[in-house]
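Take a look at the structure set out below.
The values are calculated or read from the model by the stated rules, or taken from the named source; none is laboratory data. Model, not experiment: these values are computed from the prediction. When we count neighbours, we look across all protein chains shown, and the Cβ atoms used for this are built from the backbone with ideal geometry, even at glycine.
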Amino acid sequence: MTGHDIGSMIALAWAASHPEDISHLVLLDALLPGLGLEEAMNVAEGGMWHFGFFMTPDIPEMLLDGHELEFVTATFTAMSNPGTFSEADLAAYAQAYTGRERLRAGFAHYRTLLDDGHDNRTLLARRKLSMPVLAVGTTHSGTSLAEFLAPHADNVQGAVAPTGHFVAEEDPDWFLTTLTDFLA
(Lines give C-alpha, C1' and ligand atoms only; values in the text may rest on other atoms or scores of the structure.)
Protein backbone atom coordinates (compact mmCIF):
# COMPACT_ATOMS: atom_id res chain seq x y z
CA MET A 1 0.00 0.00 0.00
CA THR A 2 1.29 3.43 -0.92
CA GLY A 3 0.08 6.79 0.37
CA HIS A 4 1.15 10.39 -0.10
CA ASP A 5 0.48 13.16 2.44
CA ILE A 6 -3.10 12.63 3.70
CA GLY A 7 -3.06 9.30 1.85
CA SER A 8 -0.11 8.27 4.05
CA MET A 9 -2.20 8.98 7.12
CA ILE A 10 -4.90 6.66 5.80
CA ALA A 11 -2.38 4.00 4.74
CA LEU A 12 -0.74 4.02 8.18
CA ALA A 13 -4.09 3.64 9.95
CA TRP A 14 -5.06 0.76 7.65
CA ALA A 15 -1.71 -0.98 8.09
CA ALA A 16 -1.91 -0.62 11.87
CA SER A 17 -5.53 -1.86 11.95
CA HIS A 18 -5.28 -4.61 9.32
CA PRO A 19 -1.63 -5.67 9.00
CA GLU A 20 -2.65 -8.94 7.38
CA ASP A 21 -3.85 -6.93 4.35
CA ILE A 22 -0.52 -5.19 3.72
CA SER A 23 2.68 -6.80 2.42
CA HIS A 24 4.65 -3.53 2.11
CA LEU A 25 3.86 0.00 3.24
CA VAL A 26 5.14 3.08 1.40
CA LEU A 27 4.54 6.51 2.91
CA LEU A 28 5.46 9.64 0.99
CA ASP A 29 6.24 12.99 2.58
CA ALA A 30 3.73 13.15 5.40
CA LEU A 31 3.33 14.16 8.98
CA LEU A 32 1.44 11.40 10.76
CA PRO A 33 -1.23 11.80 13.45
CA GLY A 34 0.11 10.50 16.73
CA LEU A 35 3.68 10.40 15.41
CA GLY A 36 4.81 14.01 15.33
CA LEU A 37 1.95 15.72 13.51
CA GLU A 38 0.53 17.35 16.61
CA GLU A 39 3.86 18.98 17.40
CA ALA A 40 4.18 20.20 13.80
CA MET A 41 0.69 21.73 14.07
CA ASN A 42 1.58 23.81 17.14
CA VAL A 43 1.71 27.34 15.74
CA ALA A 44 2.82 28.69 19.12
CA GLU A 45 6.07 26.79 18.54
CA GLY A 46 6.37 27.77 14.86
CA GLY A 47 4.19 24.95 13.56
CA MET A 48 2.24 24.81 10.32
CA TRP A 49 -0.74 27.18 10.40
CA HIS A 50 -2.90 25.40 7.84
CA PHE A 51 -3.71 22.40 10.06
CA GLY A 52 -5.46 24.51 12.68
CA PHE A 53 -7.06 26.70 10.02
CA PHE A 54 -8.59 23.72 8.19
CA MET A 55 -9.73 22.17 11.48
CA THR A 56 -11.85 25.26 12.23
CA PRO A 57 -15.49 24.61 11.22
CA ASP A 58 -17.00 26.70 8.40
CA ILE A 59 -14.43 29.54 8.29
CA PRO A 60 -12.03 28.01 5.71
CA GLU A 61 -14.93 27.18 3.40
CA MET A 62 -16.31 30.70 3.68
CA LEU A 63 -12.95 32.35 2.99
CA LEU A 64 -11.79 30.07 0.18
CA ASP A 65 -15.13 29.78 -1.68
CA GLY A 66 -14.53 31.48 -5.01
CA HIS A 67 -10.75 31.47 -4.47
CA GLU A 68 -10.03 27.78 -4.99
CA LEU A 69 -7.70 28.27 -7.96
CA GLU A 70 -5.71 30.95 -6.12
CA PHE A 71 -5.44 28.68 -3.08
CA VAL A 72 -4.40 25.57 -5.02
CA THR A 73 -1.93 27.53 -7.13
CA ALA A 74 -0.31 29.18 -4.11
CA THR A 75 0.00 25.99 -2.07
CA PHE A 76 0.96 23.56 -4.83
CA THR A 77 3.60 25.83 -6.34
CA ALA A 78 5.07 26.64 -2.92
CA MET A 79 5.43 22.94 -2.16
CA SER A 80 6.88 21.79 -5.49
CA ASN A 81 9.70 22.54 -7.87
CA PRO A 82 8.92 25.11 -10.55
CA GLY A 83 7.07 23.73 -13.56
CA THR A 84 5.71 20.63 -11.82
CA PHE A 85 2.10 21.58 -12.42
CA SER A 86 0.69 23.17 -15.57
CA GLU A 87 -2.09 25.72 -15.43
CA ALA A 88 -4.45 22.96 -16.58
CA ASP A 89 -3.29 20.69 -13.74
CA LEU A 90 -3.87 23.40 -11.16
CA ALA A 91 -7.30 24.19 -12.62
CA ALA A 92 -8.28 20.50 -12.42
CA TYR A 93 -7.24 20.26 -8.76
CA ALA A 94 -9.03 23.52 -7.97
CA GLN A 95 -12.20 22.28 -9.69
CA ALA A 96 -12.28 19.30 -7.34
CA TYR A 97 -12.50 21.77 -4.43
CA THR A 98 -14.82 24.33 -6.03
CA GLY A 99 -17.77 25.28 -3.83
CA ARG A 100 -18.33 25.23 -0.10
CA GLU A 101 -19.52 21.63 0.09
CA ARG A 102 -16.48 20.34 -1.80
CA LEU A 103 -14.21 22.48 0.34
CA ARG A 104 -15.94 21.19 3.48
CA ALA A 105 -15.49 17.60 2.31
CA GLY A 106 -11.83 18.26 1.51
CA PHE A 107 -11.20 19.73 4.95
CA ALA A 108 -13.20 17.11 6.85
CA HIS A 109 -10.17 14.87 7.24
CA TYR A 110 -8.22 17.64 8.96
CA ARG A 111 -11.03 17.90 11.49
CA THR A 112 -10.39 14.32 12.59
CA LEU A 113 -6.60 14.56 12.95
CA LEU A 114 -6.49 14.74 16.74
CA ASP A 115 -8.80 11.71 17.02
CA ASP A 116 -6.69 9.93 14.39
CA GLY A 117 -3.57 10.61 16.44
CA HIS A 118 -5.15 9.02 19.50
CA ASP A 119 -6.23 6.01 17.44
CA ASN A 120 -2.78 5.59 15.86
CA ARG A 121 -1.00 5.76 19.22
CA THR A 122 -3.42 3.15 20.64
CA LEU A 123 -2.98 0.78 17.68
CA LEU A 124 0.81 1.10 17.57
CA ALA A 125 1.09 0.61 21.34
CA ARG A 126 -0.55 -2.82 20.88
CA ARG A 127 1.82 -3.97 18.13
CA LYS A 128 4.48 -2.67 15.82
CA LEU A 129 3.99 -2.59 12.08
CA SER A 130 5.26 -5.96 10.92
CA MET A 131 5.48 -5.28 7.18
CA PRO A 132 8.49 -3.56 5.59
CA VAL A 133 7.97 0.21 5.52
CA LEU A 134 9.51 2.70 3.11
CA ALA A 135 9.31 6.24 4.49
CA VAL A 136 10.09 8.78 1.79
CA GLY A 137 10.95 12.34 2.73
CA THR A 138 11.94 15.14 0.38
CA THR A 139 14.58 17.83 0.11
CA HIS A 140 12.27 19.87 2.39
CA SER A 141 11.42 17.24 5.02
CA GLY A 142 14.48 14.99 5.02
CA THR A 143 14.38 11.75 7.01
CA SER A 144 11.93 12.82 9.70
CA LEU A 145 9.18 10.45 8.53
CA ALA A 146 11.47 7.42 8.92
CA GLU A 147 12.66 8.69 12.30
CA PHE A 148 9.09 9.03 13.62
CA LEU A 149 8.17 5.55 12.33
CA ALA A 150 11.28 3.66 13.50
CA PRO A 151 10.03 2.96 17.05
CA HIS A 152 6.73 1.65 15.67
CA ALA A 153 7.86 -0.75 12.94
CA ASP A 154 10.15 -3.74 12.70
CA ASN A 155 11.64 -2.75 9.34
CA VAL A 156 11.72 0.91 8.28
CA GLN A 157 13.78 2.10 5.36
CA GLY A 158 14.15 5.81 4.80
CA ALA A 159 14.74 7.59 1.53
CA VAL A 160 14.95 11.24 0.57
CA ALA A 161 13.52 12.16 -2.81
CA PRO A 162 15.33 14.88 -4.78
CA THR A 163 12.04 16.76 -4.99
CA GLY A 164 9.60 19.00 -3.24
CA HIS A 165 6.41 17.60 -1.70
CA PHE A 166 4.95 16.01 -4.84
CA VAL A 167 7.44 13.17 -5.30
CA ALA A 168 5.66 11.15 -8.01
CA GLU A 169 4.78 14.21 -10.06
CA GLU A 170 8.17 15.91 -9.74
CA ASP A 171 10.45 12.95 -10.42
CA PRO A 172 8.48 9.91 -11.57
CA ASP A 173 11.62 8.03 -12.64
CA TRP A 174 13.19 8.35 -9.18
CA PHE A 175 9.90 7.39 -7.56
CA LEU A 176 9.34 4.28 -9.73
CA THR A 177 12.94 3.10 -9.32
CA THR A 178 12.81 3.55 -5.54
CA LEU A 179 9.43 1.87 -5.28
CA THR A 180 10.47 -1.06 -7.51
CA ASP A 181 13.69 -1.59 -5.56
CA PHE A 182 11.77 -1.57 -2.26
CA LEU A 183 9.14 -4.02 -3.48
CA ALA A 184 11.72 -6.39 -4.96
Scan the range 23-31 and tell me whether some residue there is surrounded by 18 or more Cβ atoms within 10 Å (Cβ to Cβ), in contact (Cβ under 8 Å) with a residue 12 or more places away in the chain, closer than 21 Å to Val160 by Cβ and over 12 Å from the mean Cα position of the chain (by Cα). yes
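Yes/no per residue for (1) touching a Cys at 6+ places or on another chain (Cβ under 7 Å); (2) modelled with pLDDT under 95; (3) surrounded by 21 or more Cβ atoms within 10 Å (Cβ to Cβ):
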position: Leu129; (1), (2), (3): no, no, no
position: Val133; (1), (2), (3): no, no, yes
position: Thr138; (1), (2), (3): no, no, yes
position: Thr143; (1), (2), (3): no, yes, no
position: His152; (1), (2), (3): no, no, yes
position: Asn155; (1), (2), (3): no, no, no
position: Ala159; (1), (2), (3): no, no, yes
position: Pro162; (1), (2), (3): no, no, no
position: Asp171; (1), (2), (3): no, no, no
Glu147 fails exactly one of (1) closer than 26 Å to Thr180 by Cα; (2) in contact with an Asp or Glu (Cβ under 8 Å, 6 or more places away or on another chain); (3) surrounded by fewer than 19 Cβ atoms within 10 Å (Cβ to Cβ), namely (2)
Out of everything in the range 140-162 that is more than 15 Å from the chain's Cα centre (by Cα), of a type outside the set (Asp, Glu) and not in a strand (DSSP E or B), what residue ends up being farthest from Thr122 (Cα to Cα)? Pro162
Collect the residues in the range 80-94 that are touching a Phe, Trp or Tyr at 6+ places or on another chain (Cβ under 9 Å), under 20 Å from Asp171 (Cβ atoms) and either of a type in the set (S, T, N, Q) or buried (at least 16 other Cβ atoms within 10 Å of the Cβ) (or both), keeping them in residue-number order. Ser80, Asn81, Thr84, Phe85, Leu90, Tyr93
